[in-house]
Amino acid sequence: DGTVGCAAERVAHTGTALGVLPLGTANDFARTLGIPTAVPAAVRTLLEGQVVDVDLGRVDGRVYLNVGSIGLSVAVTRRLTPGLKRRLGRFAYPVATLAAYRSHRPFAATLELADGTSLRLTDLRQVAVGNGRHYGGGLTVSPTASIDDHLLDVYAVERGRLRDHVSVARLLRTGHLVEHERVHHLTARRLRLVTDEPQEVNLDGEIAATTPATFEVDRNALHVVVPRGSSAARMDAEAGP
């Protein structure tokens, strides 16, 4: 997804359609759009599919497709070595997460929204800002998350007891973690994320920014080829002001 994001940044707002072959480890952008994982079927999508437009996320101007996050996810990314990915494929993600969890230190953050309100949170494990629907090898940002809704889905996970984190982990695949008592959830078109100490920001598996950081939706920024009949997105014209 990091590689696809680099390509997306090049063709954003050009009208050139991006075609995706899901040859990576996680392929979450392809999963969000319903692009088949089998290469022959993905190639047929490029030849016979339809073009839609989708939103991009931006962190201080830099593009991401799926999720930008701080906290535990950064530690996980640092443990996702190429060798681990080759050996375990998408199962490398839970293995790396368990290893990162044992040594992760909680942090505090303030979410500053465009309307002037802010949310101060302490004792956090992670803050994630989703543009798309899927991330981390098939996890879901929230049950209502979409790459075509012009919104960022934000969740923040508080530190808790081990059983709290186990119950949150069980809800990651469906996105229902946002309903957990240890999780704060909101949607926004723009927010500034400020932490007491600078935190690295993970963008689709690449550590590419540092807090404080501003997250924004770049509406209808990318044309992409999806299977005919895909309900993930549609062509709904260029974004307004």
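The values are calculated or read from the model by the stated rules, or taken from the named source; none is laboratory data. These numbers were taken from a predicted model, which means no experiment stands behind them. FYI the Cβ positions are ideal-geometry reconstructions off the backbone, even for glycines, and counts take in every protein chain you see. Please note that ligands, DNA and RNA were not included when accessible areas were found on the heavy atoms of the full protein model with its side chains. Shrake-Rupley method; radii C 1.70, N 1.55, O 1.52, S 1.80 Å.
Annotations for the structure displayed:
- Förster radius 35 Å - calculated FRET efficiency between L47 and V95 (Cβ-Cβ, nearest 0.05): 0.40
- Accessible carbon and sulfur surface of the chain relative to its total accessible area, %, 1.4 Å: 52 percent
- Overall form of region 39-174 per C-alpha gyration tensor (a/c, 1.5; a/b vs b/c): oblate
- From helices alone, the chain scores -7000 deg cm²/dmol at 222 nm; the rule is -39500 (n - 2.57) for each run of n ≥ 4 DSSP H residues, then divide by the residue total.
- Prolate/oblate/rounded label for region 154-241 (Cα gyration tensor, a/c 1.5): oblate
- Extending 7 Å from Cα along the Cβ direction at A7 and again at S118 yields two label points whose distance is 4.1 nm.
- Region 134-186 and region 90-124: distance between their alpha carbon centers, rounded to Å: 11 Å
- Computed from backbone phi with θ = phi - 60° and the Karplus coefficients 6.51, -1.76 and 1.60, the 3J(HN,Hα) list for region 34-43 is x, 6, x, 7, 6, 4, x, 5, 5, 5 Hz; x is used for glycine and proline.
- J(HN,Hα) series, region 48-56, from Karplus relation 6.51 cos²θ - 1.76 cosθ + 1.60, nearest Hz, glycine and proline x: 10, x, 10, 9, 10, 10, 10, 7, 10
- Counting only DSSP beta bridges with both residues in the chain, the antiparallel share comes to about 95 percent.
- For region 203-228, the residues whose amide N sits under 14 Å from a probe point set 7 Å from the Cα of D60 along the beta carbon direction are 203, 207-216.
- All Cα pairs of the chain, percent lying beyond 31 Å: 19 percent
- Sites excluded, trypsin sites (Lys or Arg not before Pro) in DSSP loops with at most 10 other C-beta within 10 Å, longest stretch of the chain: 1-160
- Helix 92-103 vs. the chain, principal-axis angle (Cα, 0 to 90°, nearest 10): 20 degrees
- In order along region 228-234, phi translates into HN-Hα couplings of 4, x, 4, 9, 6, 7, 8 Hz, rounded to whole numbers, per the Karplus curve 6.51 cos²θ - 1.76 cosθ + 1.60 with θ = phi - 60° and x for Gly and Pro.
- Along the chain, longest interval not containing exposed GluC sites (Glu not before Pro), exposed being DSSP loop plus at most 14 other Cβ atoms within 10 Å: 1-180
- Whole-number accessible area per residue in Å² for the chain, which is evaluated in the context of all protein chains at 1.4 Å: 48 Å²
- Gyration tensor verdict on region 1-111 (Cα atoms; rounded if a/c is under 1.5, prolate if a/b is larger than b/c, oblate otherwise): oblate
- Gaussian network model of the chain, springs between alpha carbon atoms under 10 Å - residue of V226, V76, V95 with greatest fluctuation: V95
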